[in-house]
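J.: Here it is: the structure, laid out below.
Here, each number is a calculation from the coordinates, and none is a lab measurement. All figures in this text were calculated on a predicted structure; none of them were measured in a lab. Virtual Cβ from ideal backbone geometry, glycine too; neighbours counted across all protein chains shown.
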Amino acid sequence: MKILKSGLIFLLINSVLFMSSCSNINGTALSITVKHQLAAYPDQRLVDIYKAFFQGFFGPAHFITDPNKVAGYIEAEAAEADSFEAYDFYPLPPDGKFVRVNLRLIKENKISLNDFADAFTKSAEPVSKFDIARWKTQWPLILAEIEKQKDNIPHFHQDKAFIDSLLAKDEYVVHHSAEFIEKYHPHYRVIAASRINCIGR
């Protein structure tokens, strides 16, 4: 099956960047990753940066409540949306294992809805207590690098306290901020990079 050529090139370039620099989430590798995230969305809040990292860490398991309704939800959201981000595929930190795939590709009939829904569902992996415990050790490192690079993120302390309260309860899922939604119009699903080539026209 084919995927969009421009999207594939974008995916490969960014995956190489993440995977070559971020196999261990510390030091120079982390600095490069955070710099990329801040540049990609200049007006985002801390919860939005956090969301990109936890999506890249956990994948889409938290998205899927009823596998039988996945295709319908995707189709409805794509049909109702009238603004989309510019990317086709957006590799997520820290290593590009998971990718945001723009629902615009569904609306424009450039990829198969059924293949997309199948790849999305099969990308979901169970989240264990061990995974959450490991994430709780990684986020402070990420946060410290964010603070080092940018100290004027709107509502920073409010969002930091909110994230801390979630992690204290062994929860990790946040939604995009209202500001992010209004500015960037995110309509996507998170899919494992290894399953991108299963999405056909």
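J.: Give the shape of the range 64-155 as rounded, prolate or oblate, defined through the alpha-carbon gyration tensor: a ≥ b ≥ c are the square roots of its eigenvalues, a/c under 1.5 means rounded, and otherwise the shape is prolate if a/b is larger than b/c and oblate if not.
T.: Oblate, since a/c reaches 1.5 and b/c is not below a/b.
J.: Another question, if that's okay. Simple spin-label model, 7 Å along Cα-to-Cβ: Asn197 to Tyr41 in nm?
T.: 3.0
J.: Residue by residue, what Karplus-based ³J(HN,Hα) values in Hz, rounded to whole numbers, does the range 182-197 have, using 6.51, -1.76 and 1.60 with θ = phi - 60° and x for Gly and Pro?
T.: Coupling constants for the range 182-197: 5, 7, 10, 6, x, 9, 7, 10, 8, 10, 4, 4, 5, 9, 4, 6 Hz.
J.: By the scheme Lys and Arg +1, Asp and Glu -1, what is the net charge of all other residues having a beta-carbon under 15 Å from that of Asp43?
T.: It works out to a net charge of -1.
J.: Considering only the other residues whose Cβ falls under 15 Å of the Cβ of Glu182, what net charge follows from Lys and Arg at +1 and Asp and Glu at -1?
T.: Its environment carries a net charge of -3.
J.: Name the residues of the range 162-201 whose amide N is less than 14 Å from a point 7 angstrom out from the Cα of Glu125 along the C-beta direction?
T.: Residues passing the 14 Å test: 191-195.
J.: Oh, and also: When ranked by the protection proxy of mean other Cβ atoms within 10 Å per residue, highest first, what sequence do the peptides 126-137, 90-101 form?
T.: By packing density, highest mean first, the sequence is 90-101, 126-137.
J.: With 28 Å as the limit, write out which pairs from Lys51/Lys183; Lys35/Lys136; Lys110/Lys183; Lys69/Lys160; Lys35/Lys69 have Cα-Cα distances beyond it, or answer none.
T.: Cα-Cα > 28 Å for Lys69/Lys160; Lys35/Lys69; rest within.
J.: Could you rank the peptides 119-125, 160-166, 141-147 by their average count of other C-beta atoms within 10 Å per residue, with the highest value first?
T.: In descending order of packing, they fall as 119-125, 141-147, 160-166.
J.: Now, a different point. For an R0 of 30 angstrom, estimate the FRET efficiency from the Cβ-Cβ distance between Lys136 and Tyr73 and round to the nearest 0.05.
T.: My answer for the efficiency is 0.50.
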